Amino acid sequence: MSVKLYNTLTRKKETFIPIEEGKVKMYVCGPTVYNYIHIGNARPAIVFDTVRRHLQYRGYDVMYVSNFTDVDDKLIRAANELGEEVPAVAERFIEAYFEDTEALGCQRADVHPRVTENIELIVAFISELVNKGFAYESGGDVYYRTRKFDGYGKLSHQSIDELKVGARIGAGEKKDDALDFVLWKAAKEGEISWSSPWGEGRPGWHIECSAMARKYLGDSIDIHAGGQDLAFPHHENEIAQSEALTEKPFARYWLHNGYINIDNEKMSKSLGNFVLVHDIIKEVDPQVLRFFMLSVHYRNPVNYNRELLDSAAASLDRLKIAYDNVKHRKASSTDLTENNDQWLEKIEAHHTRFLQEMDDDFNTANAISVLFDLSKDANVYLLEDHTATAVLDAFLSKFEDMFFVLGLQVKQEELLDEDIDALIQERNEARKNRDFARADSIRDQLKDMNIILEDTAQGIRWRRG
Ligand SMILES: [Zn+2]
């Protein structure tokens, strides 16, 4: 078994070899928390959560760090518009981020560091760059001296001369060279700020990831990931900052997910076609959104629209129904005599192929088609009226494993006692109102959950079967 992944740095699919055997140090650039996340932010959260799950399933101990940019120009603007303080706005949207991504089945990172909690660390990082001659102060700002770093452009495969063509010195910037980028910004009147050797100010965007990745994961990490739009300049600048300071390779493997288009158009402010996760999951099961995203290889663009989402919902339903039907058959099966070898081999082969697809640069699109093959076989098995417990168990456990890796839930949540009481109450009401269809459907639902109802002199009693 070996995992292969496409490395933006080498533009090749490579065999994954972690720095430390059995461990993975992984950093994923997180959002700027000035609004609810849109589906473009949801994609890296889902994709790299799936990468993490697969590596975990393959036995790696994954340390996963993802930051929050909780101070920057956009946050300051949002806070001004709302008449609030920056920390209050950031806090609210961090909470919303957790709510939305957890609904999407994303596990929390081991650490979610925030810029404002790491200012001292960032100031120390910049000071060291200044001491080493890679950075300079100018009018209260500090800039990175890009030309001094030899490897600049290696991630985005551009030469310094190619980059020079597009570089401009913007209004208010006090840098020596158009290619230089800001590490520390002097505070404007009334802005949130911290003190530093260069006066009151706040960090530029790129420096936070270099400083926080180093703090939690060390000088060199295994996987650094983010959206394709971050490869240049953000990740290129991270490399320049980190490698100038530590003189060691920053990240072994760079993973980037593709863009999202809305109805074949780019998501943009001017088109006003941003889709917020917060809104869409009020109408659509968040698992459907996750399944939809994973039905495309993470490096390819995703085209989003409601019809495609609806068809993803129907597909996911088919898989879940197959699983539920196996479960249902199992509840009444006791057959231990059938010869099962052929079926068990088939099920095992699907599982192996699923893992091979995931090992091959996390090809979730193909892995999902294996899941459909498994469900087709499950349907055939049930149609042929087999009832062998060993086969049914094998179907269930492979379904569950594959769903776990994809971050989808196939098992229904255990009903709590109060939910059961409420359902029984509702059934009683339905019967009183002669709504027998509703009453029967509640009884079936409870039966599926293995809840047994008993008529007693005191009314309906229930117990778990
Ligand atoms: Zn970053």
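What is the stretch 281-406's relative contact order, in percent, from Cα pairs under 8 angstrom and six or more apart in sequence? Present the calculation step by step, with values, prior to reporting the outcome.
Values: 106 pairs, mean separation 45.4, N = 126.
That works out to 36 percent.
How many nm is it between the label spots at residue 74 and residue 279, if each spot is 7 Å from the Cα in line with the beta carbon?
1.6 nm
Counting only protein heavy atoms and using a 1.4 Å probe, what share of the accessible area of the stretch 4-257 belongs to carbon plus sulfur, as a whole percent?
Values: 4910 of 10480 Å².
That fraction is 47 percent.
If you average the C-alpha positions of the stretch 101-121 and of the stretch 380-451 separately, how far apart do those two centres end up, in angstrom?
Centre-to-centre distance over Cα atoms comes out at 36 Å.
Using only the alpha carbon atoms of the chain, find the Kirkwood hydrodynamic radius as the inverse mean reciprocal pair distance, in angstroms to one decimal. Write out the running numbers ahead of the final one.
Details: mean 1/r = 0.0396 Å⁻¹.
Kirkwood radius, the chain: 25.2 Å.
Relative to the first principal axis of the alpha-carbon coordinates of the chain, what is the inclination of helix 236-246, with its axis defined by its Cα atoms, in degrees from 0 to 90 and to the nearest 10?
Between the helix axis and the principal axis of the chain, the angle is about 70 degrees.
Cα to Cα, under 23 Å, and not fewer than 8 places away if on the same chain: which lysines meet these conditions relative to residue 174?
74, 132, 148, 164, 185, 188
Plugging the Kirkwood radius over Cα pairs into Stokes-Einstein for the stretch 281-406, at a temperature of 10 °C and a viscosity of 1.306 mPa s, what D comes out in µm²/s?
The Stokes-Einstein estimate is 103 µm²/s.
Report the convex hull volume per residue for the stretch 374-428, counting only C-alpha atoms, in Å³.
Each residue corresponds to 136 Å³ of Cα convex hull volume.
Evaluate 2.2 N^0.38 Å with N set to the residue count of the stretch 156-231, then give the Cα radius of gyration divided by it.
That works out to 1.36 for the stretch 156-231.
Could you please tell me the mean projected area of the C-alpha convex hull for the stretch 4-257, averaged over all directions and given in square nanometres to one decimal?
Here the figure is 13.4 nm², rounded to one decimal.
Two-decimal Rg/Rh of the stretch 110-192 from alpha-carbon positions, Kirkwood Rh?
Rounded to two decimals, Rg over Rh is 1.01.
Taking 2.2 N^0.38 Å as the expected size of a compact globular protein, what ratio does the Cα radius of gyration of the stretch 1-142 give against it, to two decimals?
1.26
Using the Karplus equation 6.51 cos²θ - 1.76 cosθ + 1.60 (θ = phi - 60°), what ³J(HN,Hα) coupling, rounded to whole Hz, does each residue of the stretch 392-406 give in order, writing x for Gly and Pro?
Running phi through 6.51 cos²θ - 1.76 cosθ + 1.60 with θ = phi - 60° gives 4, 4, 5, 4, 4, 5, 6, 3, 5, 4, 5, 5, 4, 4, 7 Hz.
Once both labels are modelled 7 Å past Cα along the beta-carbon direction, what's the residue 332-residue 452 spacing in nm?
It is 1.7 nm.
Solvent-accessible area per residue for the stretch 4-257 at a 1.4 Å probe radius, Å²?
Normalised by residue count, the accessible surface of the stretch 4-257 is 41 Å².
Kirkwood Rh over alpha-carbon pairs of the stretch 417-464, then Stokes-Einstein at 37 °C and 0.692 mPa s: what D in µm² s⁻¹, rounded to an integer? Mind showing how you got there, number by number?
Numbers: Rh = 10.8 Å.
Using the Kirkwood radius from Cα pairs, D works out to 305 µm²/s.
Would you mind pulling out the separation of the Cα centroids of the stretch 124-192 and the stretch 266-321, in Å?
The stretch 124-192 and the stretch 266-321 have Cα centres separated by 38 Å.
Just to verify a number: FRET efficiency for residue 441 and residue 314, C-beta to C-beta distance, R0 = 30 Å, to 0.05?
Between residue 441 and residue 314 the formula returns 0.90.
If you only keep lysine pairs separated by 8 or more in sequence, or across chains, how many in the stretch 281-406 come under 19 Å at the Cα atoms?
Here the count comes out as 12.
Compute the helix-to-body angle for 417-432: its Cα long axis versus the longest principal axis of the chain, expressed 0 to 90° and rounded to tens.
50 degrees
With a cut-off of 8 Å between alpha carbons and a minimum separation of six or more residues, what is the relative contact order of the chain in percent?
Reported relative contact order: 16 percent.
With a 1.4 Å probe and all protein chains kept in place, how much accessible area does residue 182 have, in Å² rounded to the nearest 10?
Estimated to the nearest 10 Å², residue 182 gives 30 Å².
The values are calculated or read from the model by the stated rules, or taken from the named source; none is laboratory data. Quick caveat: nothing in here was measured; it's all calculated off a predicted structure. For neighbour counting, all protein chains shown are included, and Cβ atoms are generated from backbone atoms with ideal geometry for every residue, glycine included. We work out accessible area using only protein heavy atoms, side chains counted, and drop any ligands, DNA or RNA first. Shrake-Rupley method; radii C 1.70, N 1.55, O 1.52, S 1.80 Å.
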